[in-house]
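Note sheet for the following structure.
No value in this document is a laboratory result; all are computed from the given coordinates. Computed from a predicted structure; not experimentally measured. Positions of Cβ are generated from backbone atoms using ideal geometry, with glycine treated the same way; all protein chains shown enter the neighbour counts.
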Amino acid sequence: MKDQQDIPVASSHRQRPSRSGGRAGRITARAIDRQQKTGYAGVTGGTYQPLSEQDIHRIHATALDVLEKIGIGDPTPEILEYALPKGCLLSDDGRLRFPRALVEDVLARVPKKFDCYAPDPKHDHQLEGSRIYTGTSGESVSILDYETQQYRPSTLTDIYDAARLTDQLEHIHAFYQPFIATEYSQALYVHDINVAYAALSGTSKSISISTIHAEHVDALVGLFDLYVGCEGGFIKRPFCTIGGCPIISPLRFGKENTEVMVRCAELGIKYGNACAPQSGATSPAALAGTLVQCFAESLACLVVMHLIRSDAKLIFGMWPFISDLRTGGFSGGSGEAALVAAAAVQMGNYYDLVQSIPSGMTDSKTMDAQAGYEKALTTTAVALAGGNHLCAYPGTVGSLMGLSFEGMLIDNDMLGNILRLVRGIEVNDETLSFDVIQDTVFGTGHYLNHQQTLQLMQSEYLYPRLADRRASGEWEDSGSPDIYQAAREKVKQLLASHYPGYIKPDVDARIREKFPIKLDPLDKKPGNGRW
């Protein structure tokens, strides 16, 4: 047998750098850089493309035909005031029509990237291209109680708890209102103000809330200015996105949400539209037809905002939904839902639009195997397609009707693994590992204690919080728990200990003096009895 020095080596590998610097230093530097990017925020997708370029062009052309020849019904006076002088046409049937050249001009001029701020600047990120960030979403009306496996109405304190849970989950990058505070559902001003307050109290990540009253937008700006500490401070650095559904499918403006969209454009606040036609019910059963209608509806919102203000920031929300045509009911976790959502992402990316997309929905009523495969299917598809803001519905169950706190932790694990999948494999002279293989084959015979292994174990690999990787015997000895049980125990730990003081006492007092804050101060302190 030849000894190591007799083994022929390719010339590109003859001069091996010393272990004290060079390659090792570069690997370590990259590992540190990756660890600083918590939860793989901003990894780039775009490898999954269900549509051909010709498909995209045909959908685009048909959508422009829809806007020019069919138009959008029920335009509000505010929209007409801005749109008619700038080229839109109001037909005899009262529908607002968008000339093709006008739409294409707006598509060419819209900002291709903009900053997404957070209350704490360490969570700021830039939205552009196929860079991926995840967030909660939903506006469900109930919470799935782990102990009883029954749904109860969601409350304001639940919103605060969900915010401080999100604050600790590294693969959920933003807190978008996940459900409503049902006790204030008939007092919408109180509701909107308190949802914003609970979010600011619980997390330092970027937030998003919805409202259906334009005047509430100004009130929220006032609340955020008090939080920042100066009038006009929020507009300079808007850390909250206002979201809504300005289109009632098929092809009609919804009055209240449209008025909110217009007000956000006037103020220069980011607005996240969600155009959500449901195939076979409020859009064609043909998936291509649903994409045409959804693209047209979303383009109408984009054009209106940019006719109001040329630098308006719209998060382009094509949210095509699927019907189970046997019943006409909503189906969030189907293969068709994954497919059409990925195609919607591809449409937005083709035009370099900053966009959001829903995923992680499930028709299961609890966090079971059905929920797992449906959530993973849809989220993997849109992540690989390269959606900017993945409204990933972590913890949401029951066809968007409820939320499980335990499910949020399970889905955090899922999101981390999906983002790791999207990040891909780095191939270069160092990672190809010729020297490492040679050293090991003629050395210890295994890689477990190799310097490269130690250097890469925290950057090349992701270790889930909940997934059980123990030996089966050890698992049996511990009582054979499933991931749902593990999540329950972890939720109790996280929520029993994390009561962040993001709103300073003097600021809190000023906010409570001016606004009808209903979140009890005792609920924001350890020992509140909930967890």
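Side notes on the structure shown:
- The spacing between the stretch 309-388 and the stretch 474-491, judged by their C-alpha centroids, is 31 Å.
- Local charge for Ala286 was computed over the other residues whose Cβ lies under 14 Å away, with Lys and Arg +1 and Asp and Glu -1, and equals -1.
- With contacts taken as Cα pairs under 8 Å at a separation of at least 6 residues, the chain carries a relative contact order of 19 percent.
- With the simple spin-label model, which puts each label point 7 Å out from Cα in the Cβ direction, the Ala467 to Ala61 separation comes to 4.5 nm.
- Its DSSP H runs of at least 4 residues, each contributing -39,500 (n - 2.57), put the calculated 222 nm mean residue ellipticity of the chain at -13000 deg cm²/dmol, to the nearest 500.
- Put the Cα centre of the stretch 119-156 next to the Cα centre of the stretch 398-414 and the gap is 9 Å.
- Protection proxy ranking, highest mean first, for peptides 264-275, 58-69: 264-275, 58-69, where packing is the per-residue count of other beta-carbon atoms within 10 Å, averaged.
- Stretchable slack from Asp324 to Arg237, in nm (0.36 nm times residue separation minus alpha-carbon distance): 27.1 nm
- Each peptide in 337-343, 139-145 gets a packing score, the mean of other Cβ atoms within 10 Å over its residues, and the list from highest to lowest is 337-343, 139-145.
- Computed extension length for Glu336-Trp531: 66.3 nm, one decimal, from 0.36 nm per residue of separation with the Cα-Cα distance subtracted.
- Proximity of backbone amide H atoms, modeled 1.01 Å from N, is registered between Ser283 and Gln278 at under 5 Å, excluding neighbours fewer than 5 places apart on the same chain.
- Share antiparallel - DSSP beta bridges, the chain, percent rounded to 5: 40
- Segments 500-511, 164-175 sorted - mean Cβ within 10 Å per residue, highest first: 164-175, 500-511
- Ser433/Asp482 FRET efficiency (R0 35 Å; Cβ-Cβ; nearest 0.05): 0.40
- Violating pairs (Cα-Cα greater than 27 angstrom) within the set Lys236/Lys492; Lys375/Lys492; Lys122/Lys524: Lys236/Lys492
- A Förster radius of 56 Å combined with the Cβ-Cβ distance from Glu183 to Asn449 puts the calculated FRET efficiency at roughly 0.45.
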